[in-house]
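**Student:** Supplied in structure tokens, the structure appears directly below.
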Amino acid sequence: MKILLKMKNFELFLVICIFPFVFSLLINFIGNNLLLKILGYVASIIGFMVLFLWMNSIRNIIIVNLNRKKYIINRMLDIVNIIVIILIAIFLVYVSIYESISNISQVIIISIAVVILLNYIYSTITTAIFIKRYELGENAILTIEEYGSTFILLVFFPIGIWILQPKINQMINKNQ
């Protein structure tokens, strides 16, 4: 998905943050039936999918630029991200369909939420490490102080997009 990497920071911000939020907000104002709720959740899922695709594209382009074969960790993250997107969809649809939630349902929902959170944290850590490894050199030994700021920018992606995307654009332009 090189198109995500070539976007300007404001375009990426619109696609990941603004469009899903506005679409969900409009659907909530239009009505309160089940189909509209599910459409609002689909907009949020699309925003998260684009975020995960953006981070995956960053890792893939850095792997190519470092002249390495695909890391096995990146392949595993691809598969886990697909599973997590499916879990997000199941989670949001389930919550929208069943207004009253039983105790077993709460355990299932909390379990899915924990898996989603852990995957997001792990995905952002690996993306931050890849970005710093590219900046500092392939053989650099990284510490948390070196990639921590990039990790924070990825976690708070509505702000981080504005800072990281110009760096990614420069990296892509430099290597073409």
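**Student:** I need Glu145, Glu138, Glu11 ordered by Cβ neighbour count within 10 Å, fewest first.
**Tutor:** Starting with the residue having the fewest Cβ neighbours, the order is Glu145, Glu138, Glu11.
**Student:** While we're looking at this one, here's another question. Mind checking the alpha-carbon convex hull of the chain and giving the volume per residue in Å³?
**Tutor:** So the per-residue Cα hull volume is 120 Å³.
**Student:** Where does each of Ile62, Ile82 land when they are ranked from fewest to most other beta-carbon atoms within 10 angstrom?
**Tutor:** In order of increasing Cβ crowding within 10 Å: Ile82, Ile62.
**Student:** Compute the relative contact order of the chain as a whole-number percentage, counting only Cα pairs closer than 8 Å that sit 6 or more residues apart in sequence.
**Tutor:** 29 percent
**Student:** What FRET efficiency, computed as 1/(1 + (r/R0)^6) with R0 = 22 Å and r the Cβ-Cβ distance, is obtained for Asn65 and Ser149, rounded to the nearest 0.05?
**Tutor:** Computed FRET efficiency for Asn65 and Ser149: 0.60.
**Student:** Would you kindly derive the ³J(HN,Hα) couplings of region 138-153 from the backbone phi angles with the Karplus curve 6.51 cos²θ - 1.76 cosθ + 1.60 (θ = phi - 60°), listing them in order in whole Hz, with x for Gly and Pro?
**Tutor:** 3J(HN,Hα) across region 138-153, in whole Hz: 5, 8, 5, 8, 9, 10, 4, 5, 7, 9, x, 5, 5, 4, 4, 5.
**Student:** Still on this structure: Suppose each label sits 7 Å from its Cα in the direction of the beta carbon; what would the Glu138-Asn169 distance come out to in nanometres?
**Tutor:** 2.8 nm
**Student:** Here is a further query. Rounding to the nearest 20 debye, state how big the charge dipole of the chain is about its Cα centre with +1 on each Lys and Arg Cβ and -1 on each Asp and Glu Cβ. Walk me through the intermediate numbers first.
**Tutor:** Values: 13 positive and 7 negative charges, 121 e Å.
Charge dipole, the chain, about its Cα centre: 580 debye, nearest 20.
**Student:** Distance check, please: which entries in Lys6/Lys132; Lys8/Lys132; Lys37/Lys167 exceed 28 angstrom between their Cα atoms?
**Tutor:** Pairs exceeding the cut-off: Lys37/Lys167.
**Student:** OK, next. Determine, from the Cβ-Cβ distance of Lys2 and Ile109 and an R0 of 45 Å, the FRET efficiency 1/(1 + (r/R0)^6), rounded to the nearest 0.05.
**Tutor:** 0.80
**Student:** To continue, here is another question. As I understand it, the dipole of the chain uses +1 on the Cβ of Lys and Arg and -1 on the Cβ of Asp and Glu, about the Cα centre. Which of Asn81, Ile121, Phe29 lies farthest toward its positive end?
**Tutor:** Most positive-ward Cα: Asn81.
**Student:** So how do Phe23, Phe10 line up by other beta-carbon neighbours within 10 Å, fewest first?
**Tutor:** Neighbour counts put them in this order, fewest first: Phe10, Phe23.
**Student:** Measure off 7 Å from each Cα along the Cα-to-Cβ vector at Ile38 and Phe156, then give the distance between these two points in nanometres to one decimal.
**Tutor:** That separation, rounded to one decimal, is 3.7 nm.
Readers should treat all values here as calculations from the given coordinates under stated rules, not as data from a laboratory. All values derive from a computational prediction rather than experimental measurement. Counting neighbours? That spans all protein chains shown, and the Cβs are built from the backbone with ideal geometry, glycine included.
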